[in-house]
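No value in this document is a laboratory result; all are computed from the given coordinates. Remember, it's a predicted structure, so these values are computed and weren't measured experimentally. Here Cβ is always computed from backbone atoms with ideal geometry, including for glycine, and neighbour counts include all displayed protein chains.
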Amino acid sequence: GLGFNIVGGTDQQYISNDSSIYVSRIKKDGAAYLDGRLQEGDKILSVNGRALKDLRHKDAVELFRNAGCDVTLKIQRRLQPQNGPVGHRGDGESGGLPLAAVLVPGLALAAAAVWILLRYRQRM
């Protein structure tokens, strides 16, 4: 196989009002894992030039099963995390810190430093 699982389709929408096909899981040591370019959460737009728009889940699965040995995927990266199984590693690893978890405290510290500097300069 190609080494990944998919979710979505017109009959099994993963995201409300979106019948697109998404990568739900990359199988360790599978073809997609070894290639390294596909990521969990990617939206698959086409397989070997065949658009995955408005397909039932089982029809999309059939396209992947019949894709052959040389497979070309057109994908769209997920920009923001979604709730649910996409992006879930299941192996105890963290996916990293959200950007806001780093920026908000950093900005607060910077603002405090500027305030202290201005107060210090006023006393001189």
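HN-Hα J couplings of the range 58-73 from phi, Karplus 6.51/-1.76/1.60, θ = phi - 60°, integer Hz, Gly and Pro as x?
5, 5, 5, 4, 4, 4, 5, 5, 9, 6, x, 7, 9, 10, 10, 10
Check I6: other-chain or 5+ apart residues with amide H under 5 Å from its amide H, H built from backbone geometry?
Those qualifying (amide H under 5 Å, at least 5 residues apart or on another chain) are S24.
Note down the net charge around Y33, summing +1 for each Lys or Arg and -1 for each Asp or Glu among other residues with Cβ under 12 Å from its Cβ.
On the way: positive: R25, K27, K28, R37; negative: D29, D35, E40.
Local charge sum for Y33: +1.
Put a dot 7 Å past each Cα toward the Cβ at K27 and R50; how far apart are the dots in nm?
Here the answer is 1.9 nm between the modelled labels.
Under a straight-distance cross-link criterion of Cα-Cα below 19 Å, which lysines are reachable from K43, leaving out those fewer than 8 residues away in the same chain?
K43 reaches K27, K53, K58, K74.
Whose amide H sits under 5 Å from the amide H of I75, counting only residues 5 or more places off or on another chain, with H placed in the peptide plane?
L45
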